[in-house]
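Values quoted throughout were computed directly from the atomic coordinates according to the rules given, and no laboratory measurement underlies them. These numbers come from a predicted model, not from an experiment. With ideal geometry, Cβ positions are generated from the backbone for all residues, glycine too; neighbour counts draw on all protein chains shown.
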Amino acid sequence: MKVRVKISLNDDDGSFMGIGLVWLLRGVEQFGSVRKSAMQMKMSYPKAVKIIDRLEKALGYSLVIRTRGGIRGGNSFVTPEGIAFIEKFEHLHQQITSFSNEKFNEIFVESNPH
């Protein structure tokens, strides 16, 4: 048995960043498109853009550069600052999950008299 930990970052208006946004940004890296990444996650494009915009506003820097469509279509890419943010969030998530599982085992498994 393991502990499942959910981490979210909050601003004054509430939660806006969890592991789902990391998946969205990783999808932008993979597909070169916010729309395709959102579709893969079964999320609407407007919602994906709103989430990214809100986090960028809170952080004060761009995570994704988007170019509008046209004859060849638009594309998107995650900025170097966005990649660094993703990596830091993933590291935080991994550290907290590891710590939580260690504590769970210490408290519930190792101390179980059965």
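The table below lists the values:
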quantity: Dipole of the chain, positive end: most advanced residue of Thr97, Pro80, Gln30 [Cβ charges, Cα centre]; calculated: Gln30
quantity: Reported label for calculated percent of Cα pairs over 17 Å apart given (i) 57; (ii) 52; (iii) 61; calculated: (iii)
quantity: Inter-label distance, nm, simple model (7 Å from Cα along the C-beta direction), Ile96/Arg26; calculated: 1.6 nm
quantity: Radius 13 Å from Cβ of Gly60, net charge of other residues (Lys, Arg +1; Asp, Glu -1); calculated: -2
quantity: Acute angle (nearest 10 degrees) that the helix 45-59 long axis makes with the longest principal axis of the chain, alpha-carbon atoms; calculated: 70 degrees
quantity: Cα centre as origin, Lys/Arg/Asp/Glu Cβ charges: the chain dipole, Debye; calculated: 740 debye
quantity: Neighbour-count ranking [beta-carbon atoms within 10 angstrom, fewest first] of Phe77, Phe108, Phe89; calculated: Phe108, Phe77, Phe89
quantity: Likely footprinting exposure, Asp13, Asp53, fewest C-beta neighbours within 10 Å first; calculated: Asp13, Asp53
quantity: Nearest-ten-degree value, helix 80-104 long axis tilted from longest Cα axis of the chain; calculated: 20 degrees
quantity: Residues whose placed amide H lies under 5 Å from that of Met17, excluding near-sequence neighbours; calculated: Leu9
